[in-house]
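In what follows, a single structure is set out as structure tokens and then discussed.
No lab work stands behind these numbers, since they all come straight from the coordinates. Keep in mind the model is a prediction, meaning the values are calculated, not measured. Cβ coordinates were reconstructed from backbone atoms using ideal geometry, including for glycine residues, and neighbour counts include every protein chain displayed.
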Amino acid sequence: MRRGAAFASLLDEALAGLWRARRVTVVSILQISFSLFLVGLFLLAAENLGGVVDTLREETAVTVYLRSGADEASKAALERTALASRLVAAVRRVSAEEARGRFARSFGNLTEAAGTLSGNPFPASVELDLLPGAISSAALRPFLANLAASPAVEEVQFDVDWVRRLRGVVRLVAAAGVAAGTFLALGAAFTIANVVRLTILLHRDEIDILRLVGAPEVLIRGPFLLGGVLQGLLGGLVALGLLAVAFRGLLFFVASTENVLLGVFVVRFLSPAVCGILVLGGTLAGLLGGTIASRRGHV
Amino acid sequence: MIEFYRVSKEYHGRRVLKNLSFQIAQGEFVFLTGPSGAGKTTVLKLLYRAEGPGEGQILVNGRNVGAMSPGRVPELRRTMGIVFQDYKLLPSRTVFENVSFVLKFLGVPLAERRRRAYHVLRMVELHHRANALPEELSGGEQQRVALARALVNEPELLIADEPTGNLDHRLAQEVMRLFSQINVRGTTVLVATHDVNLIRETGRRCLTLDRGGVLEGLVEAALPPQASWRRESGVKLPPREEETR
């Protein structure tokens with residue numbers, strides 16, 4: 001037996017089988033596409049939220065607000081403590097005047113209101129850029145508490161908690177996506193199994209004849225198994241196409257609304273690896289469905 | 001080629017075959033006959049292992065069919081061609097596809113499939129109908145397609161279960177002529193039929209199953225008077241139809 005030719009025959013028969021039951025096949029492919037599309041949406045949301053969190057974390061600096069009467073020696077001691085902590089990459093002093101200038105640049109409309117106040121209401125500060133990995137270090141909290149206890153320090157501001165909470169939300173979204181995806185993929189596998197079973201019923205006579213003429217079992221069941229795999233693969237590819245269209249549509253919407261906040265959240269499509277996993281997931285669901293349907297007892 | 005040794009078979013407590021023994025040599029053309037329910041189809045099913053024997057031993061080309069594992073059955077069947085009374089053709093496939101799809105599943109390339117299908121269709125004189133669907137053919141033509149399908153894999157043994165049951169006498173004779181041709185080429189042929197006239201006309205060795213569906217022994221009947229084995233068995237044959245009138 002020539003294996004290449006036999007496989008070509010299997011593929012040919014699998015495609016012919018799907019074509020003969022094309023209406024049910026289309027329903028099956030659409031169902032798996034819908035399932036994977038939803039999974040993809042979750043993953044897309046998680047990917048972009050994760051990106052936002054990473055950006056925020058990279059951009060987050062610890063701001064140490066100084067008391068108005070803090071002397072130079074205290075400020076220098078503060079900087080030495082920070083650099084010696086192995087959590088800080090760089091320190092940067094921001095004078096009260098510099099802080100006022102930043103405010104004016106960021107909130108131009110409110111500059112006049114700030115001007116009505118007596119004196120400069122903006123405190124001087126020291127900004128600390130954290131080293132990569134410092135945010136998740138157990139030493140960070142004691143370090144910040146130590147800074148806050150310094151007599152030169154009015155307040156230490158670091159929004160690590162909301163960054164952590166946001167990361168938790170991202171993890172939850174991703175986990176929900178995987179859970180929903182698993183559930184929906186199993187449903188899709190069940191649908192594929194039914195489609196394959198229907199195809200088997202349509203080909204009952206052929207199967208009987210093939211058995212009688214001594215066709216090997218693998219060649220009898222192979223087209224049905226392959227049919228399931230093809231449905232899953234097509235479902236995965238269609239889902240990926242729908243996701244790409246949806247993503248482009250969203251980008252277009254964001255661009256047209258000129259909403260800066262939305263622009264922050266919609267920045268990138270799924271990575272090639274995640275795209276591959278999505279299509280592979282569909283293929284595996286198809287394989288599962290095909291395997292269930294073409295077990296020896298059913299064919 | 002085929003050896004049955006004290007084979008018995010029961011269906012739901014009803015004994016269909018009892019201590020059945022016979023042999024068929026390589027290259028023989030043998031009829032298996034008997035009344036309805038005598039166990040003709042059962043004997044054939046035992047041969048291609050659609051059924052397992054209750055007791056006894058069945059050898060096909062030296063292989064013990066009864067003891068064969070299910071995984072070896074396809075290999076056994078590839079040495080046989082099987083023809084059914086109801087043809088078992090695939091209605092949605094053309095004559096060519098019906099004949100060649102078995103080869104397709106066995107991985108035979110298209111050019112070789114075409115060559116072999118054309119060869120057997122020519123043998124049964126249906127090569128000009130290769131693109132027709134089964135419903136466009138007469139009963140005799142459909143049976144010839146079924147025969148072509150059975151022959152396309154060049155079997156050592158051809159088994160036919162009531163192949164002329166749905167055909168008129170002229171078409172039945174035509175099909176028998178084809179069986180004879182195939183047998184001349186060296187293929188062993190076993191045909192189950194209850195058509196005594198056909199057996200008589202074909203003039204081949206005949207095995208008869210009897211005793212109201214329960215076989216207790218095998219009666220070998222020679223239909224043509226010149227056959228030596230008829231003289232040995234001394235079995236009286238049913239008279240020809242015209243003789244009864």
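Computed values, structure above
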read-out	value
Average beta carbon contacts from partner chains per residue of B:100-112, 10 Å cutoff	6
Neighbourhood charge, 11 Å Cβ-Cβ cut-off, centred on A:Val213 and excluding it, Lys, Arg +1 and Asp, Glu -1	+3
Cα-only radius of gyration and Dmax that characterise the range B:81-154, units Å	10.8, 31
Ranked by how many other beta carbons lie within 10 Å on average, peptides B:104-112, A:189-197 from highest	A:189-197, B:104-112
Amide H contacts of B:Leu17 (H built 1.01 Å from N, under 5 Å, at least 5 apart or other chain)	B:Lys9, B:Leu215
Rg over Rh, two decimals, the range B:25-145 (C-alpha only, Kirkwood Rh)	1.01
On Cα atoms only, tilt of A:96-106 relative to the major axis of chain A in degrees	40 degrees
Farthest positive-ward along chain A dipole, Cα basis, beta-carbon charges - from A:Leu226, A:Pro132, A:Gly40	A:Leu226
In order through the range B:116-121: 3J(HN,Hα) via Karplus (6.51 cos²θ - 1.76 cosθ + 1.60), integer Hz, x for Gly, Pro	6, 5, 4, 4, 6, 5
For chain A, with +1 on Lys and Arg beta carbons and -1 on Asp and Glu, the positive-most of A:Leu284, A:Ile207, A:Ala70 along the dipole	A:Ile207
Per-pair calculated FRET efficiency, R0 = 41 Å: A:Leu83 and A:Asn120 via Cβ, rounded to 0.05	0.90
Descending semi-axes in whole angstrom, ellipsoid equivalent of chain A, from the Cα gyration tensor	64, 21, 13
Beta bridges per DSSP with both ends in the protein assembly as shown, % antiparallel, nearest 5	65 percent
Relative contact order for chain B, counting Cα pairs under 8 Å that sit 6 or more residues apart, in percent	27 percent
Angle between chain A longest axis and helix A:217-257 axis [Cα atoms, degrees, rounded to 10]	30 degrees
Size-normalised alpha-carbon gyration radius of the range B:1-96, reference 2.2 N^0.38 Å	1.17
P(r) histogram, all alpha-carbon pairs of the range A:61-158 included - 5 Å bins from 0, percent	2, 13, 23, 22, 15, 12, 9, 4, 1
Ellipsoid equivalent to the range A:168-245 - semi-axes via the Cα gyration tensor, in Å	37, 13, 10
Gaussian network model of chain B, springs between alpha carbon atoms under 10 Å - residue of B:Val65, B:Val73, B:Val189 with greatest fluctuation	B:Val73
Relative contact order of the range A:61-158, defined on C-alpha pairs under 8 angstrom at six or more residues apart (%)	52 percent
Tail beyond 29 Å, pair distance distribution of chain B (Cα, percent)	30 percent
Cut-off 10 Å between beta-carbons: net charge of the residues surrounding A:Ala148, Lys and Arg +1, Asp and Glu -1	-2
Normalised convex hull volume, the protein assembly as shown, alpha-carbon set, Å³ per residue	221 Å³
³J(HN,Hα), Karplus 6.51/-1.76/1.60, whole Hz, each residue of the range A:285-294, x for Gly, Pro	4, x, 5, 4, x, x, 5, 4, 6, 9
Equivalent ellipsoid dimensions for the range A:130-205 as semi-axes, Å, which come from the Cα gyration tensor, largest first	58, 10, 6
